[in-house]
Amino acid sequence: MIAAKTVSCPNCGGSLDVRAAGYTVSLACRYCGALIDIAHPEARVISQYHEAVAQLPLPLGSRGTLFGVEWEAIGWQERQTSDTVWSETLLFNPYAGYRWLVHFGGHWQFGTMLTGTPQSHTDGSVIWRGQEWTLDDARVSAVTNRVLGEFYWRVHAGERVDTAEYVHGNDTLSLERTADEINWTRLVALRPRDVLGSFRHGPDDPDEAPATPAPAGNWRARWADMPFYGENDAAMMLWTALVAIVIVLTGMMTFGTVTAAISSRMTVQIDGPATQATIGTLTIDRASQRVELTAQTYPGFVNTWVDCDYALVDKRTQQAIRADGTVEFYAGRDTDGSTWTEGSHHTTLDISNVPRGTYDVIVQAQGHHWTDPKAIAPATTNGWEGISNGASEVTFVVSAGGMDWGMFFTILALLITPPLVLMYWQFKQRQHA
């Protein structure tokens, strides 16, 4: 880099460095905001800019290397259309000239001005370097809201241009048209952490601190600064999640085998007293183990529910581990002749981390009958049989170990959801970029 030229602001007297001396035409004072025409020896003030200096995504004077060239941030402007606001940082190298860094919604693009003009192909596309670039959005008008630093033309707040963007893959051709000229710029997407990690303050900063990240209130920019934001990182997260799921599934299958199981069939009175029975003795031979309790009824079980209270009584300490569940099944026929069902003939519940020991498994069951007040006839077809103050057979199965599929699908959702959400978010951002 060449040495900067120093000028004094005619408005406030502040000392300003002109980094692209000999090229720069306009300079915005960082102290008072006055816009200065430094192409004239007297460095006259063009206009006043009294708004507070923005917290820039890249501080002016910061330097960084992109594509093998060291660039210095010398100017910044904020622009907007009717529904979009973005900023552009002007980069300078005395041997390579000017480039742009465009910052929008946490995304960064590196802009190079074209020396040639793309050829019109259709109303919605142009040809450049033998490739067709498609119009990404309708042509709109953009206005410059704020400017800071130095520029190679006489920039000013309120400047308007007509813009359009043409895309080919992940690259963009940006068209800007005024009454006097037409400018084309090629924009290449960059990873946010590569930009912010490359640029540091200039040599006048003794700390050489990294460029300031996006403000805390800008959640989209903060999200984009995260290390997993890159285009390929979401796919890597997804593959990592899939590997983790395979490992979890393998471990659950290895340690989730059924080590003991008992079963018993009992008759439960419907709308009668509770029935209690000992299903059997279950031995837990590991430090702690999952126990699964299943109640199974049969086709004649309809418009009925059975409340089941379980107790695992430790034969050594007589302490009990309790659980309760319900098996229920309902069916009916509406006035229009349509039939409906609700519930199941089968229900399962789990008790986690049952300590090692030998347990008597006791169940107390009580049945109840339900009558649909809207039903015009009992549902007795297709294997449905009404139960009226009778009895129902229920089979109870208790097993130690086995696959905890509920836990597996919870882990599956926790591992898969973040990369899928990130991939969807990146896709939507590309659509609006």
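The values are calculated or read from the model by the stated rules, or taken from the named source; none is laboratory data. Bear in mind that the values here come from a model prediction, so they are computed numbers and not experimental data. We place every Cβ from the backbone using ideal geometry, glycine too, and count neighbours over all the protein chains shown. These accessible areas exclude ligands, DNA and RNA; they are computed on the full protein's heavy atoms, side chains included. Shrake-Rupley method; radii C 1.70, N 1.55, O 1.52, S 1.80 Å.
If the requirement is being closer than 22 Å to Leu349 by Cβ, in contact (Cβ under 8 Å) with a residue 40 or more places away in the chain, out of contact with any Phe, Trp or Tyr (no Cβ under 9 Å at 6 or more places or on another chain) and open to solvent by less than 60 Å² (accessible area, probe 1.4 Å), which of these qualifies: Thr297, Thr275, Thr304?
Answer to the selection: Thr275.
If I filter the range 123-131 for residues that are more than 33 Å from the chain's Cα centre (by Cα), under 19 Å from Leu190 (Cα atoms) and open to solvent by less than 40 Å² (accessible area, probe 1.4 Å), do I get at least one hit? I'd like the intermediate steps shown before the answer.
Pass one, the range 123-131, residues more than 33 Å from the chain's Cα centre (by Cα): 123, 126-131.
Next, from what is left, pick out any that are under 19 Å from Leu190 (Cα atoms): none.
No: the range 123-131 contains no residue that is more than 33 Å from the chain's Cα centre (by Cα), under 19 Å from Leu190 (Cα atoms) and open to solvent by less than 40 Å² (accessible area, probe 1.4 Å).
Checking Asp314 against (1) surrounded by 13 or more Cβ atoms within 10 Å (Cβ to Cβ); (2) of a type outside the set (Phe, Trp, Tyr); (3) under 27 Å from Thr371 (Cα atoms), which single condition isn't satisfied?
Failed condition: (3).
Could we say that Trp108 is surrounded by 18 or more Cβ atoms within 10 Å (Cβ to Cβ), among the aromatic types (Phe, Trp, Tyr), at pLDDT 85 or above and in contact with a Pro (Cβ under 8 Å, 6 or more places away or on another chain) here?
Yes, satisfied.
Report, by residue number, each residue of the range 88-97 that is touching a strand residue (DSSP E or B) at 6+ places or on another chain (Cβ under 6 Å) and open to solvent by 10 Å² or more (accessible area, probe 1.4 Å). Step through it out loud before you land on a result.
Let us first name the residues in the range 88-97 that are touching a strand residue (DSSP E or B) at 6+ places or on another chain (Cβ under 6 Å), namely 88-93, 96.
Across the range 88-97, the qualifying residues are Glu88, Asn93, Ala96.
Taking the range 97-122 as the region of interest, how many residues are part of a strand (DSSP E or B), of a type outside the set (A, V, I, L, M, F, W, C) and closer than 18 Å to Thr84 by Cα?
3
Can you find a residue that is part of a strand (DSSP E or B) and at pLDDT 80 or above anywhere in the range 44-63? Reasoning before the result, please.
We begin by selecting, within the range 44-63, every residue part of a strand (DSSP E or B); these are 44-47, 63.
Of the ones still in play, those that are also at pLDDT 80 or above are 63.
The answer is yes; a qualifying residue exists.
Working only within the range 76-96, note down all residues that are in a strand (DSSP E or B) and either modelled with pLDDT under 85 or more than 33 Å from the chain's Cα centre (by Cα) (or both).
Phe92, Asn93
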